1. For segment A:1-108, max minus min Cα coordinate along each principal axis, in Å, sorted largest first?
2. Can you give the calculated 222 nm mean residue ellipticity of chain B, where each DSSP H run of n ≥ 4 adds -39,500 (n - 2.57) and the sum is split over every residue, rounded to the nearest 500 deg cm²/dmol?
3. Taking springs between alpha-carbon atoms closer than 10 angstrom, which of A:29, A:68, A:191 fluctuates most in the Gaussian network model of chain A?
4. In chain A, what % of DSSP beta bridges are antiparallel (nearest 5)?
5. For the protein assembly as shown, with only Lys/Arg (+1) and Asp/Glu (-1) charged at the beta-carbon, what is the dipole magnitude about the Cα centre, in debye rounded to 20?
6. Please work out the ratio of the alpha-carbon Rg of the protein assembly as shown to 2.2 N^0.38 Å and round it to two decimals.
7. Would you mind checking the pairs A:117/B:158; A:45/A:117; A:40/B:161; B:107/B:158; A:13/B:161 and listing those with alpha carbons more than 30 angstrom apart?
8. With only Lys, Arg, Asp and Glu charged, each at its Cβ (+1 for the first two, -1 for the last two), find how big the charge dipole of chain A is about the Cα centre; round to the nearest 20 debye.
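The values are calculated or read from the model by the stated rules, or taken from the named source; none is laboratory data. Because the structure is predicted, anything quoted here is derived from the model rather than measured. Please note: Cβ atoms are built from the backbone with ideal geometry, for glycine as well, and neighbour counts cover all protein chains shown. Quick note on the areas: whole protein, heavy atoms, side chains included, nothing else; ligands and nucleic acids left out. Shrake-Rupley method; radii C 1.70, N 1.55, O 1.52, S 1.80 Å.
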Amino acid sequence: MLVLENVDAHYGKSHVLHGVSIEVRSGEVVGLLGRNGVGKTTTLKTIMGMARRTGGRITFEGRDLHGVPPHGLAGLGIAWVPEERRIFRLLTVLENLRTGLDRAGMTPERREALLEKVYTYFPILKERRNQAGGTLSGGEQQMLAIARAMMLEPKIILLDEPTEGLMPRMVAQIQEIVHALHRDGVAILLVEQNVPLTLDAAGRVYIMEKGAVRHHASSAELRADQRVIHEYLGV
Amino acid sequence: MDQILVQTLHGLVNGMVLAMVASGLTLIFGIMDIVNFAHGDLLMLGAFVGASVLGVTGNYWLALLGAALVIAALGAVLQVTTLRPLIGRDPLTTILATFGISLVIQKYALWQWGPSVRRISEPVPGDFTLFHLQYPWYRIATAVLAGLILGGLWLFLKYGKYGIWIRATTQDRLMAQAMGIPVPLVYTAVFAIGSAMAAASGVLFGPFAGVTQTMGFDFTLRAFIVVVVGGMGNLGGSILASIFVSLLESYAAIVVSPAQAVIVSFVVLVLTMLFRPTGLFVPTPK
Ligand SMILES: Nc1ncnc2c1ncn2[C@@H]1O[C@H](COP(=O)(O)OP(=O)(O)OP(=O)(O)O)[C@@H](O)[C@H]1O
Ligand SMILES: [Mg+2]
């Protein structure tokens, strides 16, 4: 469904991605692991058209994303949950959700149903729906960022370190959501530092180093043989 | 005592008109980081268009609406043709571009309507007596109307689908894009709305002092001052600052001549820049 072929990316003059090839099939959860600064976030940003792709090809459902404007990706079914969460801080929780909800073809009933669905996943967001996004705690902001992406009813979610800086109870909740999305048939490209969580949630895992994919295996293989993880991630 | 009351009224009325002018400028700055130096000239052009529509139809309200629509369309065209191509370039280029637009509009107005003052007659006739002073009803009506228009703008920004798009884009352009909000279109729409607000203020202000092709610069300057004092890009702050500065000027006019009273706004500007550069009417940034 989402295919990156030999993708290169630059920030200004610095060459950050060197021929990254990744594939996510429909409904699949795929992990992307790697140490700090290897280019995981840049890979997601390049898909979103926010980092400059200087080589290779990115296609979604067979369609080349080159030439699709950045605001056109949501309509194709690609949602992004950035590492920094990027909540609209002065917008209320509900208004944050509305940025994804107020799109063409939505009926009041579907809006209602979709809102209710995320509120059952994240009851806290319903409680705080009229509170400014910027006043939420870090964990709540992460939930809002995921809920906001779900408003687009995406086919794939690019999920960038959703458990970063969260306490264990929150981490468990995020893990639960990832499973729930998977059950709903949403594909996820999951960038993480949390190896156990990634191996649990993802079917396959890519491991990056210095801007390139160095290893690719199923989670079962990686669980069985932890040496690769040690080698590339040092854990 | 009487004089203070009269000047308070006067300051409030001027403040409301200024708030309308400034709201367009601050909205555009907030979302695009562009200081539109042609803002006052769009106001002037709107006033001329209004005067022309009034001349043909004799209907003031039609003139107000017509001017707003025509200038909104012009604003959209200007944004698409001159400012959109400059997005991502050095901010200096957009400043120069809006200066250029300002000059072109002024020269066009001079060529089209000549240098003399055009009058817009007051749609609401009559005066009332405030103590021993005659005060025109029209000024009161203007303040009320400006308040209604600003209230409408606020409701639109607060509750409307497109209002939320505008606020989301103002806060985080990239994230707004990722949520599927067509940011280039939002930019154009905001520029059109700002232009329409300028044009409407021009028609509202027209009956006060007449319409001339040089009136724009003064409005740009005054609006710019209150936008800075109110906190760049902050709509509520700009509105409060407009009223605050206008009231101060009004009170100053009791002691000095009105021409000298204008200095007050510059003093407020300088003090703001010195002691609270993020703006007077915004919460202290963390
Ligand atoms: N906006 C930018 N401008 C210039 N260089 C950047 C920019 N963003 C990231 N980089 C550089 O690109 C490289 C890859 O960064 P990236 O954020 O993709 O890493 P990452 O794998 O997501 O790391 P982390 O696990 O810390 O989030 C790093 O060397 C980083 O310094
Ligand atoms: Mg990262």
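1. 45, 31, 26
2. Helices in chain B give a 222 nm mean residue ellipticity of -25000 deg cm²/dmol.
3. Of A:29, A:68, A:191, the most mobile in the Gaussian network model is A:68.
4. Once the DSSP bridges in chain A are tallied, antiparallel ones form about 60 percent.
5. Dipole size: approximately 300 debye.
6. Cα-based Rg divided by the globular estimate yields 1.17.
7. The pairs that break the limit, which is 30 Å between Cα atoms, are A:40/B:161; B:107/B:158; A:13/B:161.
8. Charge dipole, chain A, about its Cα centre: 460 debye, nearest 20.
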